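The values are calculated or read from the model by the stated rules, or taken from the named source; none is laboratory data. Small disclaimer: the values here were computed from a predicted structure and weren't measured. Don't worry about glycine lacking a Cβ; one is built from the backbone with ideal geometry, like all the others, and counts go over all protein chains shown. Side chains are part of the model used for accessible areas, which takes the heavy atoms of the whole protein and leaves out ligands, DNA and RNA. Shrake-Rupley method; radii C 1.70, N 1.55, O 1.52, S 1.80 Å.
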Amino acid sequence: MRSPIFVALDTPDLEKAREIAGAVKNHVGGIKLGLEFFAANGQHGVREMASLGMPIFLDLKLHDIPNTVAKAVQALRPIEPAVLTVHAAGGRAMMEDAKAAASIDTKVVAGTVLTSLDETDLHDTVIGGDAHEQVLRLSELARSAGLDGVVCSGREVKAAKKAWPDGFFVVPGVRPSNGKKSDQKRIVTPADALHDGASIIVIGRPITQAGEPDTAARAIEATL
Ligand code: C5P
């Protein structure tokens, strides 16, 4: 079975992304490319990375009116990412239209509450309130809008999975027990995330900024 680890290659540098992907390829199940990479390299860059033979998770967290998001998803169809993100806060119609516009082979998943936000941040934004409740509410909205799953932190995945047993759960904000938090706040270990119901886990800096990314990826894989 493929590893549940998707390595987040958060760099605008295509060569660097290619180099790290090549180094960790035997210890991860796929590659996550985000805004930084896409802004610099576009669909051409995504195709280059896909040619390495690993599934691509395109994390663009699309959030706009339904028409705009649907057209953007349609424009991405030719690259057929395995996973594509939109923002649950965009609402039901936006998610329905995004799913309808995506390729049948693309899982469309909704971001809920960023793992870099804690209760204070939520209080300071228009969202307000409790992360746990927010995640469950947005997850239910994503499910009823026909999406494949959601992105949530490891702290909420157990409850979200219980409410949506066949949902696809993406958990970022994952850190080995001795790992640096950086800007992440609601973190869990890779093993705990999987134990609690993550379908895949996203790990960036603990792998990409290690002296030897392949050794770091192998060490994390060994804890699963
Ligand atoms: O380096 P690190 O492991 O913190 O990277 C996490 C990755 O997951 C980043 O690419 C970030 O954009 C993404 N992500 C996240 N929290 C979310 C959704 C996505 O950290 N809620």
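Some points to look at:
- Scaled against the 2.2 N^0.38 Å expected of a compact globular protein of N residues, the Cα radius of gyration of region 97-139 reads 1.47.
- Accessible carbon and sulfur surface of region 5-222 relative to its total accessible area, %, 1.4 Å: 51
- Accessible surface for region 5-222, divided over its residues, is 45 Å² per residue with a 1.4 Å probe.
- Diffusion coefficient, µm² s⁻¹, Stokes-Einstein with Kirkwood Rh over alpha-carbon pairs of region 1-126 at 37 °C and 0.692 mPa s: 215
- Peptides 177-187, 31-41 ranked from most to least packed give 31-41, 177-187, packing being the mean of other C-beta atoms within 10 angstrom over each peptide's residues.
- Legend: Rg and Dmax of the chain, from Cα coordinates, 16.4, 45 Å.
- Set of lysines near residue 32 by C-alpha distance (under 16 Å), chain-local residues within fewer than 8 positions excluded: 16, 61, 107
- DSSP-defined antiparallel bridges as percent of all bridges, region 1-109, nearest 5: 0
- Since only 100, 116, 87 are under comparison, the one whose Cα sits farthest along the positive direction of the charge dipole of region 84-126, derived from C-beta charges on Lys, Arg, Asp and Glu, is 100.
- Relative packing of 22-29, 115-122, which averages over residues the other C-beta atoms within 10 Å, highest first: 22-29, 115-122
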